[in-house]
Amino acid sequence: MIKAVLLELTPNSRFHFGKASIDANTALADTDEFLHSDVLFSALVNNLAQAKDKAFVDEFLAYFKSGAIKISSGFYCIKDGDNYEYLLPKPVTATNFIKEYSMIKAVKKIQFIPTALWDVSPENWFNGSCIETKRALLPKKNGLERIENLYTKEIVPNLVKHKPDDNAKGPFSIAVIQIPKINNGISIHFYFLYEINDSVPENTKSAFKYAVDMIAFNGLGGERSSGCGFVERVNWDGPEFPIPHLSTGFTTNLGLLIPDKNEFDNCLFYKLITRGGRKSKEIEQLKRVRMISEGAIIHNTGQESGRTVALSTAHLRYGQPICINIPQFYGDERTDK
């Protein structure tokens with residue numbers, strides 16, 4: 001069963017989620033705008049490795065590689081009093097349904113939609129039933145109109161003073177996302193989905209919970225020594241995630257996906273993202289891998305999809321995320337009609 005975990009944030013929290021860059025000197029110049037599943041996976045494994053030996057961590061990893069444990073990326077959710085509104089990534093073919101050029105631009109800028117729009121054709125997204133923000137559509141509820149943006153992207157200065165002179169650097173900039181402060185009991189947080197099947201033993205389930213709970217102590221993403229990455233609380237008691245139960249011929253990935261050769265033909269519409277490539281202590285530079293971004297349109301074969309690959313002997317890239325059904329019309333909207 002797919003469940004949600006809430007990562008509750010304080011207003012004005014900042015996060016730096018790394019992106020592939022040309023070299024180490026430009027690695028901090030940009031940031032991803034939400035928590036991708038491979039970054040979340042690495043955080044969980046690193047958290048567990050602080051408390052368990054290598055044999056236990058390897059066994060933990062094996063359950064991810066077999067698909068017995070799955071996670072999604074971390075998306076935004078909105079807390080309004082005691083209620084939470086989960087947002088999902090926009091399906092990649094959403095613009096195919098729009099004929100007006102001005103509306104195509106409006107759909108392109110949207111990154112996230114509420115679960116209430118999951119079964120609604122994009123041509124009906126702007127009929128007055130939702131609130132438009134800069135990056136998301138929100139349900140038309142009292143108070144949510146105060147939200148202008150889920151986050152802002154900021155450039156903040158930094159200076160390395162604590163390193164030896166030969167490694168010291170002058171002032172440089174870090175790209176971060178910042179969570180805005182919304183008044184009247186409304187706040188913005190992250191959430192992610194997880195699924196653990198019955199074959200997973202209780203001690204591994206407990207280890208998963210421990211690794212997630214440690215996010216509140218260790219934070220998420222990079223530049224944590226500079227004040228980024230703080231998560232106030234991990235909440236396991238949020239409302240049930242409204243998983244679409246419709247049976248269709250298509251699914252979409254809620255995390256970064258690495259299909260194997262036999263699965264790639266099932267990926268009909270998608271965008272690619274490059275991950276890896278940074279330098280590490282163990283090797284000069286990690287391998288790069290291209291992954292399918294969230295919101296792709298994939299043939300529903302009923303089989304597990306994706307794989308986890310090694311970028312080095314000590315670095316894994318998780319590419320087996322949770323997938324959910326998506327309305328049939330997204331896959332039927334073929335470009336070769």
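Observations
- All of LYS281, LYS205 fail the test of being at pLDDT below 95, loosely packed, with under 15 Cβ neighbours inside 10 Å and among the charged types (D, E, K, R), apart from LYS281.
- Among the residues of this structure, PRO242 counts as one that is loosely packed, with under 15 Cβ neighbours inside 10 Å, within 20 Å of the chain's Cα centre (by Cα) and touching a residue at least 40 places away in the same chain (Cβ under 8 Å).
- Restricting the range 46-83 to residues that are within 24 Å of the chain's Cα centre (by Cα) and of a type in the set (Lys, Arg), the residue that is least open to solvent (accessible area, probe 1.4 Å): LYS70
- Extreme residue, surrounded by the fewest Cβ atoms within 10 Å (Cβ to Cβ), among residues of the range 91-103 that are assigned to a loop (DSSP other than H, G, I, E, B) and in contact (Cβ under 8 Å) with a residue 60 or more places away in the chain: VAL92
- Residue, farthest from LEU246 (Cα to Cα), within the range 308-337, restricted to residues that are touching a strand residue (DSSP E or B) at 6+ places or on another chain (Cβ under 9 Å) and of a type in the set (D, E, K, R): ARG317
- One residue alone among LEU88, LEU28 is part of a loop (DSSP other than H, G, I, E, B), in contact with a Gly (Cβ under 9 Å, 6 or more places away or on another chain) and farther than 21 Å from LYS209 by Cα, and that residue is LEU28.
- Taken together, the residues in the range 304-321 that are farther than 21 Å from ASN46 by Cα and either open to solvent by less than 20 Å² (accessible area, probe 1.4 Å) or in contact with a helix residue (DSSP H, G or I) (Cβ under 8 Å, 6 or more places away or on another chain) (or both) amount to 2.
- Subset of the range 202-228 (residues that are touching a Phe, Trp or Tyr at 6+ places or on another chain (Cβ under 6 Å) and closer than 17 Å to TYR191 by Cβ): GLY219, GLY221
- Test result for GLY185, surrounded by fewer than 18 Cβ atoms within 10 Å (Cβ to Cβ) and among the small types (Gly, Ala, Ser): yes
- Check on THR313, of a type in the set (Ser, Thr, Tyr) and touching a residue at least 60 places away in the same chain (Cβ under 8 Å): no
- Residue that is nearest to GLY295 (Cα to Cα), among those in the range 104-151 that are among the acidic types (Asp, Glu) and either touching a residue at least 40 places away in the same chain (Cβ under 8 Å) or assigned to a loop (DSSP other than H, G, I, E, B) (or both): ASP119
- Any hit, the range 294-302, residues being open to solvent by less than 70 Å² (accessible area, probe 1.4 Å) and not in a loop (DSSP other than H, G, I, E, B): yes
- Answer residue from the range 224-239, given it is touching a residue at least 60 places away in the same chain (Cβ under 8 Å) and polar (S, T, N, Q) and is surrounded by the fewest Cβ atoms within 10 Å (Cβ to Cβ) among those: SER226
- Extreme residue, least open to solvent (accessible area, probe 1.4 Å), among residues of the range 245-269 that are of a type in the set (Phe, Trp, Tyr) and closer than 16 Å to LYS90 by Cβ: PHE250
The values are calculated or read from the model by the stated rules, or taken from the named source; none is laboratory data. These numbers come from a predicted model, not from an experiment. Neighbour counts are summed over all protein chains in view; Cβ atoms, including those assigned to glycine, are modelled from backbone coordinates with ideal geometry. Ligands, DNA and RNA are stripped out before the accessible areas are found, and what is left, the full protein with its side chains, is counted by its heavy atoms. Shrake-Rupley method; radii C 1.70, N 1.55, O 1.52, S 1.80 Å.
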